[in-house]
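Here the structure is laid out as structure tokens; the discussion comes afterwards.
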Amino acid sequence: MPINILSHPSPNFGPRPDGCPVDILVLHYTGMPTGQAALDRLCDPQSSVSSHYLIEEDGRIFKLVDEDKRAWHAGRGCWQDCTDINSRSIGIEIVNPGHEFGYRAFPDAQIASVVALCQDILARHDIPANRIIAHSDMAPDRKEDPGELFPWQYLAQNGIGIWPDAGEDLAVDPNRFDELLDQIGYGWPAENSDDTGHEDYRTKRVIAFQRRWRSKDISGVIDGQCMAIAAALAKVIGG
């Protein structure tokens, strides 16, 4: 579909480090009562947050920060080998009230614009399919977005990201599941070195995985289907 992008510049950005590739795409939801409230905050110099794009529920696309600049959307977290996500990523905020203000399904017009914009970005940047991620993938201890209602499988069917063919359920092995999540890209923050913090983060990693890959059950309990999906993903990503 043709893309009509509306300019709405945000002052909240900085330079990317010299020689730093743009090889990650992060999808968020805004998590605010209205799209206008989110747009205002992303452009407020006092907020110190921004994104490269915002997509309204009616499908309108706003460009806030040029892609060659470092927007401030990701915050603390990691994915695969990267611990400074903002420097290497493009961030898209997708208007949705989120879990705090009445989480709901994403309208068709909005998802059509998400697909079109992502395809346009991927045509310009060498972003591997396994580095197209949810905000919650890189920060499972802090973030839930874009959440379990986001249609990741549909995006993959349109050339955006991956979707695994999991096959039969596998035996549940929590230690093996940890290893598979490591291979996929889910990290461990250094500050969670004590046993209590480690176990809490482990559960949040499982929930983040489920939100993304098995959204019908996000209980944080590992089951045979989770094992099969994780194994299929690790095989695709890790070879």
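Between the Cα long axis of helix 224-238 and the first principal axis of the chain there is an angle of about 60°, rounded to the nearest 10. In straight-distance terms, cross-link reach from Lys69 covers every one of the aspartates and glutamates whose alpha-carbon lies under 18 Å from its own, apart from those fewer than eight places away in the same chain; here that gives Asp18, Asp23, Asp44, Asp84, Glu93, Asp120, Asp126. Kindly express, to the nearest 10 degrees and within the range 0 to 90, the angle between helix 108-124's C-alpha long axis and the longest C-alpha principal axis of the chain. For 108-124 against the chain, the angle is about 90 degrees. Between 0 and 90 degrees, the angle of helix 195-213 with respect to the longest Cα principal axis of the chain falls at about 70 degrees. How fast does the chain diffuse by Stokes-Einstein, in µm²/s, taking the Kirkwood radius from C-alpha pairs at 10 °C and 1.306 mPa s? Once the numbers are plugged in, D ends up at 87 µm²/s.
Charges only on Cβ, +1 for Lys and Arg, -1 for Asp and Glu: so what's the dipole of the chain about the Cα centre, in debye to the nearest 20?
Value, rounded to 20: 460 debye.
When the Cα positions of Leu155, His198, Ile237 are compared along the charge dipole of the stretch 136-239, Leu155 comes out farthest toward the positive end, with charges on each C-beta of Lys, Arg, Asp and Glu. Remark: the stretch 126-135, residue by residue, has Karplus-estimated 3J(HN,Hα) of 8, 10, x, 4, 7, 10, 9, 10, 7, 4 Hz, where x stands for each Gly or Pro and the curve is 6.51 cos²θ - 1.76 cosθ + 1.60 at θ = phi - 60°.
So if I place +1 on the C-beta of Lys and Arg and -1 on the C-beta of Asp and Glu, and nothing else carries charge, what would the dipole magnitude of the stretch 112-239 be about its Cα centre? I want it in debye, nearest 20.
Details: 13 positive and 21 negative charges, 101 e Å.
Its charge dipole is roughly 480 debye.
Each residue of the stretch 171-177 was assigned a 3J(HN,Hα) from its phi angle through the Karplus curve 6.51 cos²θ - 1.76 cosθ + 1.60 (θ = phi - 60°); the sequence is 4, 6, 9, x, 5, 5, 4 Hz, with glycine and proline shown as x.
By average Cβ neighbour count within 10 Å, what is the ranking of 76-84, 169-177, 226-234 from highest down?
Details: 76-84: 17.3, 169-177: 13.4, 226-234: 21.3.
Averaged packing, sorted descending, gives the order 226-234, 76-84, 169-177.
Among 85-93, 61-69, 141-149, what's the highest-first ranking by average C-beta atoms within 10 angstrom per residue? Spell out each step's value before the answer.
Numbers: 85-93: 23.9, 61-69: 17.6, 141-149: 20.0.
Result, highest mean Cβ count within 10 Å first: 85-93, 141-149, 61-69.
Every number here is computed from the coordinates shown, using simple stated rules; none is lab data. Because the structure is predicted, anything quoted here is derived from the model rather than measured. As a convention, Cβ positions derive from the backbone with ideal geometry for all residues, glycine included, and neighbour counts pool all protein chains shown.
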